[in-house]
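First up is the structure itself, then whatever we jot down about it.
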Amino acid sequence: MDLPIQRTLARVIRQDEKEAQVATGEFSELMLAICYGIKVLSQMVQTAGFKGLYGYTGETNASGDKTQKLDEESHVVLEQVLGSAGCFGHMVSEERDEVLPVTRGSKSGKYVVAFDPLDGSSNIGTNIPVGTIFIIFKRLGIENEFLRPASDIVAAGYSVYGAQTSLVFCAGGPVRGFTLDTSLGEFVMTEPDIKAPESGNTYSVNEGNGWDWEANVQSYVNSLKTHERGKPYSGRYVGSLVADFDRTLKKGGIFMHPATKSKPTGKLRLLYEAMPVSYIAEKAGLLTSNGKQSILSLTPSSIHERTGFIVGTKKEMEWFNQAMAS
Ligand code: P6P
C-alpha cells in the first residue's frame, strides 16, 4: 500500500529545513501553524452555508471593501492560530487597518507575516473557489517591518478552497503543491516542483472593466481575442485571484488586473496579494508586471497599497511588455 507518509507537509518541510541548513526548527513550526490555519479555514468555507456565515457584517475593511462575515471569521482564525504559534512578531491582515502586534506566545517571534485571509470572498455563497494568501519576512525589529523588498521574502504561498483544498508555497527552493487528504486531515505533496509552461491559450481579465482600460491594454487584449497573433485565446475569468492564478501557473496563459484610467493605482494589494503570488510565479518561471515593471522590483510604501497586476507565461508576457512599451 503506497502510504503518503513520506510526502506529508510536515515531513517535507522538515526535510527542506535540514537541506537548507535552517536548523532553528522555527520555520517548520511557522509553516505547520499556517497549514493548520488553512485546514480550519477550508472546513469553515465548506460549512459556511449551514452555519449562517454567508452575508455581510455591515462593516468595511481597511481597503473600503464591504466585509463578509466569512472574511471576519477567517481573519479571527488566522490571527489566533498564527498569533499563538510563537513564531511571529507582527502580522498584517487585509481585514485590519493597522499592523497587529502578536500578544500570545513568545513575543520574540523571528518572523512577520502578512495575509489575505479569504481572497475572492465576493464569490462566497456561489461555490466558486476562494483562498488564503500569505507572505513571510524575517523580523528585523524595525518600524516598517512590512515595507520590504522582495529580496527579503522568506516564504510565500496560497491555498484554494475548491473541489479540493490545495496549498502551493515556496520557501526559496522549489514551488511545492499539496492536496488536503480529508480522510487523514493531512496535506500530501502532489507536485514536488511546479514549473509553469512557456506559453498558454487562455487570457483572464474582467472584460467589464474594458471601458476603463488604457489604450495599450485594450489593444493587447484585442490582439489575443482575434487572429492577430494566430489562434485566438480562450477567455477564462473566475474573479478569484487564487483560482485564476492557480490555473495560469499550471496551464499557462495570462491573468490581468491592470490599473485603469479611473483607478490608476489598480485594485489588488501589493503586499499580501501581488507580491506573494509573484514570488511563487517567478520561482515557477512565470513573469509579472504592474504594467510598467515586475512586481518583485517593487517595495510597498504602505501595508494596504494597491497595484496593477499582470502575471503569465513568458510568451504572453513578452507580448504584453512590448504592447505596453509601444
Ligand atoms: P474584479 C476578489 O475580490 C479580488 O480581490 C481577487 O481575488 C480577484 O482577482 C479580484 O478581486 C476580482 O476583481 O474587479 O474582477 O471584481
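Structure notes:
- The fraction of Cα-Cα pairs per 5 angstrom bin, counted from 0 for region 112-178, comes to 4, 16, 22, 19, 16, 12, 7, 3, 1 percent, rounded to whole percents.
- Dividing the C-alpha radius of gyration of region 202-325 by 2.2 N^0.38 Å, with N its residue count, gives 0.97.
- With the largest listed first and rounded to whole Å, the semi-axes of the equivalent ellipsoid of the chain from the Cα gyration tensor are 30, 22, 21.
- Stokes-Einstein translational diffusion, region 30-123 - Kirkwood Rh over all Cα pairs, 1.567 mPa s, 4 °C, in µm²/s: 95
- Principal axis extents of the Cα atoms in region 230-302, from largest to smallest and rounded to whole angstrom, are 39, 31, 23.
- Spacing of the modelled spin labels on Gln293 and Ser84, each 7 Å from Cα toward Cβ, amounts to 4.3 nm.
- Across the chain, C-alpha contacts under 8 Å between residues 6 or more apart give a mean separation that, scaled by the residue count, equals a relative contact order of 15 percent.
- If you model region 103-229 as an ellipsoid using its alpha carbon gyration tensor, with each semi-axis the square root of five times an eigenvalue, the axes come out at 32, 22, 17 Å, biggest first.
- Angle of helix 215-225 to the longest C-alpha principal axis of the chain, folded into 0 to 90 degrees and rounded to 10: 90°.
- Size descriptors for region 4-191: radius of gyration and Dmax over Cα atoms are 16.2, 48 Å.
- Mean residue ellipticity (222 nm) of the chain, computed from DSSP H runs ≥ 4 via -39,500 (n - 2.57), nearest 500: -9000 deg cm²/dmol
- Inter-centroid distance (Cα atoms) of region 33-97 relative to region 176-203, Å: 23
- Whichever lysines have a C-alpha closer than 19 Å to that of Lys231, once near sequence neighbours (fewer than 8 apart) are set aside: Lys251, Lys314, Lys315
- Exposed GluC sites (Glu not before Pro) absent - longest run of the chain, DSSP non-H/G/I/E/B, at most 14 other C-beta within 10 Å: 199-326
- Exposure check, 1.4 Å probe, all protein chains in place: Trp213 carries approximately 10 Å² of accessible surface.
- Given Lys66/Lys195; Lys66/Lys261; Lys138/Lys195, the pairs whose alpha carbons are separated by over 30 Å: Lys66/Lys195
The values are calculated or read from the model by the stated rules, or taken from the named source; none is laboratory data. In this text the structure is predicted, and so the values were computed from the model without any measurement. Neighbour counts are summed over all protein chains in view; Cβ atoms, including those assigned to glycine, are modelled from backbone coordinates with ideal geometry. Quick note on the areas: whole protein, heavy atoms, side chains included, nothing else; ligands and nucleic acids left out. Shrake-Rupley method; radii C 1.70, N 1.55, O 1.52, S 1.80 Å.
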